[in-house]
1. Provide Rg over Rh for the chain; use the alpha carbon set for both Rg and the Kirkwood Rh (inverse mean inverse pair distance).
2. Please give the net charge around T226, taking every other residue with its beta carbon less than 11 angstrom from that of T226, where Lys and Arg add +1 and Asp and Glu add -1.
3. Using packing as a proxy for protection, rank 253-260, 284-291 so that the peptide with the highest average count of other Cβ atoms within 10 Å comes first.
4. For region 319-335, what does the Karplus curve 6.51 cos²θ - 1.76 cosθ + 1.60, with θ = phi - 60°, yield as ³J(HN,Hα) per residue in whole Hz, taken in order and with x for Gly and Pro?
5. Count charges around D59 for me, please; just the other residues with Cβ under 13 Å from its Cβ, Lys/Arg as +1, Asp/Glu as -1.
6. Gap in Å between the Cα centre of region 158-231 and the Cα centre of region 255-317?
7. Compute, for the chain, the length of the dipole vector about the Cα centre, with Cβ point charges of +1 (Lys, Arg) and -1 (Asp, Glu) only. Units Debye, rounded to 20.
8. Under 5 Å between amide hydrogens, which residues at least 5 positions from N271 or on another chain qualify, with H placed 1.01 Å from N in the peptide plane?
Amino acid sequence: MRPLLLILSLFSITVLKAQKLDVISPEEAGLNRDSVNYLIGAIQETSHKDFRGLVVIKDDKIVIEEYFNTFWRNTILDIRSAGKSITALLLGVAIQEGLIHDLDQDVYSLFSKSKNRSVNEDYKKIKLRHLLDMSSGLDADTNDPQTPGQAGNWMGKDDWKEYLLNIPVNSKPGKRWVYADINALLIGLAIEEASGMSLRDYAQQKLFAPLEIEQVYWYTNAANQTGAAGNLYLTTLDFAKLGLLVVNGGKWNGTQLMNSDYTKELVEHKNFDLSKEFSLADSYGLLWYKSTRTFAGKKTDYLFASGNGGNQLIVIPDKKMVIALTASAYGQRYAHGRSNTIMTMILNALE
């Protein structure tokens, strides 16, 4: 066989191996074909050329898979803070494996005193669930660079662990929602402590490999600590697969990857009214946003991961449906609104 033909054959085998999900038409999934066509045309014609991928999965089958503006199936993109929600999934995997007991463990107990020179004793007051709900009480606020736990104060370090384990507590844990990267980072560090590997490598072995997610980049510093609050690059289809894991109660191909009780809580747990903070969300819980809206005349509950640029992973358990949206409109005011409009048009197309 000629070298070029051999390469093409190997490429075809790789694509076929990765394609585990069947494909069905919008009509078979209960979506109006004209509405879907109109949506895809509208995305193609928009003046902003920074929308990248749209994947819709329903009943474990791909219904829509479209790419835009030079992107294609194998192109990875930084999903920004949606990576926090993936860290939450990995916590469910760690609980399933017995590395972490439950969400009521205090943060202080998760870190060995022989391995770590110092850990703030106030961390005994902070439970894992407080980190997951962005209510840790730590002096950290993404929107306030003056707070010691703000990412700008530690992200550039070659080793940020000791610094993060000594951020002061400035309010009672569980009482106030304050968005801060440190909450996801501490969860990632706890998984790294328990597993003995970086969160990137743990994810590769325990989550990405079983889902046949091969194209991944997750920033990991010189001390082998992964940026659990973001910095994760995935393809749009693989982004969607992670949502499908939630829809299926933590199972993939019959194997329970994520603890089932934890997965149920991830879907159902809601904390803090966010309607004034973020117009697209009603509440927050376990590093996922939660909302209830009416589409096609029916009230629908859903949860979603959200990252700067319009990157969103929407999971609708009752409909066994996932919508993955990737975009590089970083810092643009229209980004999340556009993604919400696309989601709305898809769900309104259900017949």
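1. Rg divided by Rh gives 0.97.
2. Spelling it out: positives minus negatives among the neighbours equals -1.
3. 284-291, 253-260
4. Those phi angles translate into 9, 6, 10, 10, 10, 10, 10, 10, 7, 10, 7, 4, x, 8, 5, 7, 4 Hz.
5. 0
6. The two parts, judged by their Cα centres, are 21 Å apart.
7. With only Lys, Arg, Asp and Glu charged at Cβ, the dipole is about 80 debye.
8. So N271 has HN proximity to Y284, G285.
Only the coordinates and a few stated rules stand behind these numbers; no lab work does. As the structure is a prediction and not an experimental result, all values here were calculated from the model. A quick note on method: Cβ atoms are made from the backbone with ideal geometry, for glycine too, and the neighbour counts reach across all protein chains shown.
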